[in-house]
Structures are given as structure tokens and as C-alpha cells.
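The values are calculated or read from the model by the stated rules, or taken from the named source; none is laboratory data. None of these values were measured; they are calculated from a predicted model. Ideal geometry is used to build each Cβ from the backbone, glycine not excepted, and the neighbour counts take in all protein chains shown. Quick note on the areas: whole protein, heavy atoms, side chains included, nothing else; ligands and nucleic acids left out. Shrake-Rupley method; radii C 1.70, N 1.55, O 1.52, S 1.80 Å.
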Amino acid sequence: MLMFCPTCGNVLRVEEALAGLRFACSTCPYVFNIERKLSSRTYPKLKEVDDVLGGSEAWDNVDSTDERCPKCSHPRAYFMQIQTRSADEPMTTFYRCCNPQCAHNWRD
């Protein structure tokens, strides 16, 4: 916890006193005795999984090409290109097998 002196605005430091701990200003005589310990933790909400490819509906209107599926050896695959890295890097090509029973995803 960071506290500031209400008199001069400097950051208060924690120091030991006879009665326990206290906040004290290093430039003026302001002192604030700590009576009890307060603690709390706030955990940030985890980001929900963002599908880089846009989910299953992203594959609805894509083109297909002659690319063999590494899983079922089907001769055609749908593809899309997405810029996943910085602009000076090439685009990443994602594939999905055209065989509806397989629908394997991979990237090049």
C-alpha cells in the first residue's frame, strides 16, 4: 500500500514504533499509526479464449486448394491467410480438410 503525507504530499515510509508499525513522513512530523492489518487480493479476470481463426463460422466462405490432408490424405483443403505476426513477416496460411468426417486443421 502506498500512502502520501496529507501535509506535504511526500510518500510515507513504514517504520517500527513501540506500539507496532506506523507510517511516517521523512520531511515533516506527520505520523499515522497502523492499528490493524488489512489485506486483499484482486485477481484479474482471465481473458476468454479468442479463436485466432474466428471460430467455426470463419470457415463458411473460404476457398479450397490442392493441399493434401496430413491426417486422412484427402486431396483438397480449405484455406485462409491471416497476419498473425508483425507486418514485415509473411502471412500464416491455415488449412482445414475438405473431408467433413475429418475436418483436420493445420497451418503452413
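Overview of values
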read-out: Scope the stretch 70-96; condition under 15 Å from W59 (Cα atoms) and either open to solvent by 60 Å² or more (accessible area, probe 1.4 Å) or under 30 Å from the mean Cα position of the chain (by Cα) (or both); matching residues; value: R76, Y78, F79, M80, Q81, I82, T93, F94, Y95, R96
read-out: Residues located in the stretch 84-108, provided they are among the basic types (K, R) and under 21 Å from H74 (Cα atoms); value: R96, R107
read-out: Residues that are part of a loop (DSSP other than H, G, I, E, B) and within 26 Å of T42 (Cβ to Cβ), drawn from the stretch 6-18; value: P6, L12
read-out: Positions within the stretch 10-52 being at pLDDT 85 or above and among the hydroxyl-bearing types (S, T, Y), in sequence order; value: S26, T27, Y30, T42, Y43
read-out: Filtered residues of the stretch 56-69 (kept if modelled with pLDDT under 90 and either β-branched (V, I, T) or surrounded by 10 or more Cβ atoms within 10 Å (Cβ to Cβ) (or both)); value: S56, A58, W59, V62
